[in-house]
1. Using only the Cα atoms of the range 274-323, each taken as one equal point scatterer with no solvent, compute I(q) by the Debye sum, divide by I(0), and report log10 of the ratio at q = 0.26, 0.27, 0.28, 0.32 Å⁻¹.
2. What does the charge dipole of the chain about its Cα centre add up to, to the nearest 20 debye, if the Cβ of each Lys and Arg holds +1 and the Cβ of each Asp and Glu holds -1?
3. Quick check for the chain: number of Lys pairs with alpha-carbon distance under 25 Å, counting only pairs 8 or more apart or on different chains?
4. If you take the charge dipole of the chain about its Cα centre, with +1 on Lys and Arg Cβ and -1 on Asp and Glu Cβ, which of Cys251, Trp229, Thr297 is farthest toward its positive end?
5. Give a residue-ordered list of calculated ³J(HN,Hα) values for the range 209-216 (Karplus: 6.51 cos²θ - 1.76 cosθ + 1.60, θ = phi - 60°; whole Hz; x for Gly, Pro).
6. Translational D (Stokes-Einstein, µm²/s) of the range 165-252 at 10 °C and 1.306 mPa s when Rh comes from the Kirkwood sum over C-alpha pairs?
7. Based on the Cβ-Cβ distance of Thr103 and Gln300, what FRET efficiency does E = 1/(1 + (r/R0)^6) give at R0 = 41 Å, to the nearest 0.05?
8. Taking the highest mean first, how do the peptides 240-253, 216-229 order by number of other beta carbon atoms within 10 angstrom per residue?
Amino acid sequence: MTLRHLLVRCVGFGAASLMVGTFAIAEKGAGSGELGSCAAYSGVPSDDNDHAGMAFIRGGTFVMGSERQRPEERFTHVVRVDGFWIDRHEVSNAQFREFVTATGYVTLAERGLDPATHPGMPKELLVPGSVVFIPPANVASGGRITQWWQYVSGANWRAPTGLGSSIAGKDNHPVVHIAYEDALAYARWRGRELPTEAQWEFAARGGRDGEDDWSSAFDAEGKPIANTWQGVFPVYNTNEDGYAGTAPVGCFKPNGYGLYDMIGNVWEWTGDWYRPGHPRDAAVNPRGPESQDLTLTGGQSPSRVIKGGSFLCASNYCARYRPAARQPQEVDLGAAHLGFRTVLNRAGGDEP
Ligand SMILES: [Ca+2]
Ligand SMILES: [Ca+2]
């Protein structure tokens, strides 16, 4: 049973009923207009070359996965990755708009699904739309995911909470409601690729050695240093980090490689197919399992690995705000908490 199958159609929800409290954005940190100045950043890097807005990550060896956390993160194994460029921040609405303006691209959420390739799917889940977080109306109902994830007709990257909503004033927020093929199309248009899970995890560690932990999400005193959910999900968010929904990219301190929001803000697509667990063997530039090795039940879409957690991850739910944490996401389903960033690979991974 996939998330799409679990969802209930929610036609007719207008922006007004969805935006109360949930996606209010606290503005702070106005500055020079450059990345890192947060609210004042335009959302588009100021440099103009094939690696605009990217940082170069030198190749290296690390221990991928975790033995101490969740079963799907085992086994730890030694991985070598060649050097690569990676976006310093999640792809923003302004960047995605550049792509759509140049190409006329229409995202999957705007097109809907083909009934011929999705036999048995309820028709209300085939219409153009996407999955939106809606807090449950009362605490007692807060235990099932369909109480807070609803398939909303008309929700897409331009209208994140459905008909009548917009991204006005959010050029510098991460683009959301992006299916895997949308992310891939954007990456290829820029002459880039999506990161492998190994590249993403190596980059997210920021050069830190040792067992995976929560130090990318909280400082030594327990204060949030990434956009997550503080309080009791899904009913009470203290907003200690200042953001109830997405934050503009680059509001939080970058990691040791100068990368922003690897942990938190929005989940990020990787190019690897998802299968629980990792192999034990050491690997060089691994790209995940082959598609024919996936086990799928009838009517289920295959999933890719997403990483980093989001503004909806709390200590009592999700809590996957660690580099080794991973989750499957159906390739044909975007969501309000899911975006991506790109990589640029060069032969041999040579240093620039
Ligand atoms: Ca938050
Ligand atoms: Ca992120």
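The numbers here are math on the coordinates, done by the rules we state, and not lab data. It should be emphasised that the depicted structure is a prediction, and the values quoted were computed from it without experimental measurement. Reconstructed Cβ throughout: ideal geometry from the backbone, glycine too, with neighbour counts over all protein chains shown.
1. Log-scaled intensity ratios, in q order: -1.05, -1.07, -1.09, -1.22.
2. 620 debye
3. Close lysine pairs under the 25 Å cut-off: 8.
4. Among Cys251, Trp229, Thr297, the one farthest towards the positive end of the dipole of the chain is Thr297.
5. So the J values, rounded to whole Hz, are 8, x, 4, 5, 8, 9, 5, 7.
6. This corresponds to a translational diffusion coefficient of 100 µm²/s.
7. Computed FRET efficiency for Thr103 and Gln300: 0.85.
8. Highest to lowest by the protection proxy: 240-253, 216-229.
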